[in-house]
1. Tell me the Rg and the Dmax, in Å, that the Cα atoms of segment B:158-262 produce.
2. I need the trypsin sites (Lys or Arg not before Pro) found in segment A:110-215, filtered to DSSP loop residues with at most 11 other beta carbons within 10 Å of theirs.
3. What net charge do the residues around residue B:94 carry, taking every other residue with its C-beta under 10 Å from that of residue B:94, with Lys and Arg at +1 and Asp and Glu at -1?
4. Calculate the all-directions average of the projected area of segment B:112-187's alpha-carbon convex hull, and give it in nm².
5. For the pairs A:239/A:273; A:246/A:284; A:123/A:210; B:154/B:273; A:155/B:273; B:123/B:183, flag any whose C-alpha to C-alpha distance is greater than 30 Å.
6. Determine how large the accessible area of residue A:125 is when every protein chain is in place; take a 1.4 Å probe and give Å² rounded to the nearest 10.
7. I want to make sure I understand the PRE zone here: with the label point 7 angstrom from the Cα of residue B:122 toward its beta carbon, which residues in segment B:86-110 have backbone N atoms less than 17 Å away?
8. Calculate, axis by axis, the spread of Cα positions in the protein assembly as shown along the three principal axes, and write the results as whole Å, longest axis first.
There are 2 protein chains.
Amino acid sequence: MLKAPDHQVAGHQARDGSLGPLVDGSGYFYKPLQNLDRGSKELAFYTSFNSMNGIPPRIRRFFPSFHGSETFQASDGSGLLPHLVLEDLVFGRKNPSIMDVKIGSRTWYPGVSDDYIQKCFTKDMKTTSMSLGFRLSGLQVYGSEESGYWKPSKKAVQSFTVEDVRLALRKFVSSDVGWASDKDTLPDCSLATRIYGGPSGVLAQLIELKEWFEDQTIFHFNSCSVLVLYEKESALRGKTHGAAVKLVDFAHVLDGNGIIDHNFLGGLCSLIKFISGIVAEANKALHGLESSADGLELH
Amino acid sequence: MLKAPDHQVAGHQARDGSLGPLVDGSGYFYKPLQNLDRGSKELAFYTSFNSMNGIPPRIRRFFPSFHGSETFQASDGSGLLPHLVLEDLVFGRKNPSIMDVKIGSRTWYPGVSDDYIQKCFTKDMKTTSMSLGFRLSGLQVYGSEESGYWKPSKKAVQSFTVEDVRLALRKFVSSDVGWASDKDTLPDCSLATRIYGGPSGVLAQLIELKEWFEDQTIFHFNSCSVLVLYEKESALRGKTHGAAVKLVDFAHVLDGNGIIDHNFLGGLCSLIKFISGIVAEANKALHGLESSADGLELH
């Protein structure tokens, strides 16, 4: 039984008769092929990427697994439409916290129409893409059983300033201390060292991805997003929190032609710098507390 | 006695009554303050950078040393004009090979006029800035005593394609085997491992600079160039070749405001990828020859 995904934070939604992706509740995510040949471009990317030798497993894990395409009734009732069959990235995750971060200071690319360039350009200038090299496209942060999710509206996220993004990246790894409802309550970043930091944390994964981007000249990932996911309750109980970094949205991928994707790489480095700053601060706070405790014992 | 520099490869030239920089033949380079307050911005940058604690010496060495400003008769005879007093980077170098590489896929920045954005945008699209993340602004490559310099005109350099840039980066570290006059002769990259490679080579310096750019959020180096210099004759004689990487042109530097310069960093990584590719190929060729020699001995 296909239905709209419960935890979609960005993109078109299959609700109220609109066209959007569907999930089957058993691990598959069905993404309708978009018009303007974007859908077929994304299908071509997945097909090509899937059959490519030489992509190491440590890099392949950043991409949703791909299982071909299937044609069935689209969510908007418009008739039969081919859908990409992808891994459902949130399948089996309980109350996942998710960020969709569109990478790159520029979301357009040479060869598209002037209208499209202008549309992207305006949005890149209005959002944080131009200044930060990335923008949030959507997010949901699980607070607690009582508070549920902090999930700002699409419109709210689109108007995020640099400071809003900085704050959201901190809220993402904070205990529910009221910041979801009260904007004067500062996030505590209590989960920063566990989720962002550590050998299998978000930062380590982003750095691994970055190293690939410093070298790979096969693809240019225009207008592509990094999805960051984890499970707060598991993290709070000291269990596996499933912190994962995934790349999604490949409708604008182009051949690299022997040139690195400097637009994506620059933005990724900017995101890394923000996240490493939060980890460093959290480590310092932990270390500072330990030092104080040591101090108390000594004197 | 002030005169126009012998080895200027880009920028305004103090010749034929035009305004440009001057040198005094004893190690100083005098750069006139440009109009449109760019000159005063560059002066402000040097003054601020010079007095800044916390810039490590390994990074400071990438910047020309700064010795204040002096007012004297400008080269175009227009009257008294303040000049930045800088280190003459080619002072004492015999027949230097020089490349001026303007870094960044975008040379404009938010806050400037629409006309200025449009002018920069058009040039970024026409040159390799957009595609490569950098463009050559000028270069001179010393061939030999007979052939002298290969120094394509400003117009020729401005119309360089991606392939032209790739070729120029190879010619830069090649023996004079006729490529300067005959476009069908391929450069041999015989100096690649010595000039680009090695612990104090160009690549090692660019990587050191890159690591700083991954972290520093003080400045955004808009429309700034990396200058690459070395002395071929010294290199051929196995002497110190003086391979150096320097940053120049700071009229468009802005405060970083806690954000890395992802535009510069992306372009720098792209340049690094090109140069490391040339080094890897040269190493492979060397290694291949050694392997063949081994093979001859064995069989």
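1. Over segment B:158-262's Cα set, Rg and Dmax evaluate to 16.5, 49 Å.
2. Passing sites in segment A:110-215 are A:183.
3. Values: positive: B:93, B:232; negative: B:231, B:233.
With Lys, Arg at +1 and Asp, Glu at -1, the net is 0.
4. Working: hull surface 22.3 nm².
That works out to 5.6 nm².
5. From the list (A:239/A:273; A:246/A:284; A:123/A:210; B:154/B:273; A:155/B:273; B:123/B:183), the Cα-Cα distance tops 30 Å for A:155/B:273.
6. Only protein atoms counted, so the area is about 70 Å².
7. Residues B:107-109 qualify, since their backbone N sits under 17 Å from the label point.
8. 82, 71, 56
The values are calculated or read from the model by the stated rules, or taken from the named source; none is laboratory data. Owing to the predicted nature of the structure, the values given are computational and were not obtained by experimental measurement. We place every Cβ from the backbone using ideal geometry, glycine too, and count neighbours over all the protein chains shown. The area values use the complete protein model at the heavy-atom level, side chains included, leaving out ligands, DNA and RNA. Shrake-Rupley method; radii C 1.70, N 1.55, O 1.52, S 1.80 Å.
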